[in-house]
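Note sheet for the following structure.
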Amino acid sequence: MVSRNIHEMNVILAVDGSEHSSAAARLLRDLPLPYGSRINVLAVLVPRNASDHANLEQALADSKAILSGVKANVETELLTGYPAEQISEYAAKNVPDLIMLGAKGRRATLGILLGGVVQQIVEYAEDPVLVVRAPYEGLQRILIVTDGSVHSQRAMRYLGQFPIPEWSEVHALHVLPPTPSPALIARSWPAGSETMAPVPSYETEEMLAKQAEDEERQGNAILGESVETLLDYGIEAKSVLLRGDAATEIIEYAKQNEIGLIVAGSRGLSKMRKLLLGSLSRKLVHYAGCSVLIVKGGDHDLV
């Protein structure tokens, strides 16, 4: 990776003393933030849980200690209220370039893959959200998902200006749709007056082969454009083309290649504030075994 010019960032880090929020602080510490960046470390005390006050103050102190070596200005603040609401309101006032938080809080029920607060922030935040999973073992490999849509292009540009560690290896991945079998195509054809379903024909197999060839050509073109976009920002990326269910293939690839961070684009919120996180993004946040950065729609400094 060549030398890159990264402008200062405004980051919100939400912590609660859990292993996941501690992992988020360590990941943030590894990002080469430039001088002039700001990190606001937040903890939220729920009024009915007043006994958590000391624990949250300690979480803020521990996070600030982890971030002691970064170039950014680090400030801590203990808010009172409901976490998702307080974090969202704070973000609306401060317009961060990134919101970071752990995948589960200290009070997360065993077996739940994503904490309720995290779920709400990821769904409703208008800013990019990085959900960090423990254990954090570095950002040796980063995977960005691309499908050629405006959402993935926005995520590509965001990553291009994101402070990636020099040692990180970037993979750009596109997943082609599953190829239906000739037998399945044959069964879908109308049988008319025939009593027997048609069997797969040579023409069917030839059509599917041509379709697969066209899809691969389009997929490689999308990957080529994505790699070129990243290269314009000084990032060299390895292109990967897979076929199958998108979420399954991405999660399995991340697991097999020890990916530390998945980056994906998603739609932003409408004026009606409906849930508009795409189904793929939602699956990645819930089921990927690593950290996931979701870049929402709309105008943003980094894009």
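Every number here is computed from the coordinates shown, using simple stated rules; none is lab data. No experiment lies behind these values; they were computed from the predicted model shown. Note that we place each Cβ from the backbone using ideal geometry, even for glycine, and neighbour counts take in every protein chain shown.
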**OP:** Kindly put H53, H20 in sequence by how many other C-beta atoms sit within 10 Å of each C-beta, fewest to most.
**Re:** H53, H20
Original post:
If you place +1 on the Cβ of every Lys and Arg, -1 on the Cβ of every Asp and Glu, and leave all else neutral, what size is the dipole of the range 1-136 about its Cα centre, to the nearest 20 Debye?
Top reply: 340 debye
**OP:** Could you line up L284, L223, L98 from fewest to most neighbouring Cβ atoms inside 10 Å?
**Re:** L223, L98, L284
**OP:** With label points built 7 Å along Cα→Cβ from the Cα atoms of E19 and A54, find their separation and express it in nm.
**Re:** 2.4 nm
Subject >> Separation of the L242 and S68 label points, Cα + 7 Å toward Cβ, nm >> reply: 4.1 nm
Original post:
Whole number please: convex hull volume per residue of the Cα set in the range 1-136, in Å³?
Top reply: 112 Å³
Subject >> Cα-projected label distance for E85 with N220, points at 7 Å along beta-carbon direction, nm >> reply: 5.5 nm
Original post:
Working from the pairwise distances between different alpha carbons, so that the mean of 1/r is found and then inverted, what is the range 1-43's Kirkwood radius in Å?
Top reply: 11.5 Å
Subject >> Net charge over other residues, Cβ less than 15 angstrom from the Cβ of Q256 (K, R count +1; D, E count -1) >> reply: -1
Original post:
Of G81, V44, M100, which is farthest along the charge dipole of the range 1-136 in the positive direction, counting Lys and Arg as +1 and Asp and Glu as -1 at C-beta?
Top reply: M100
**OP:** Pairs to check: K93/K296; K104/K255; K71/K283; K238/K296. Give those whose C-alpha atoms are more than 28 Å from each other in this structure.
**Re:** K71/K283
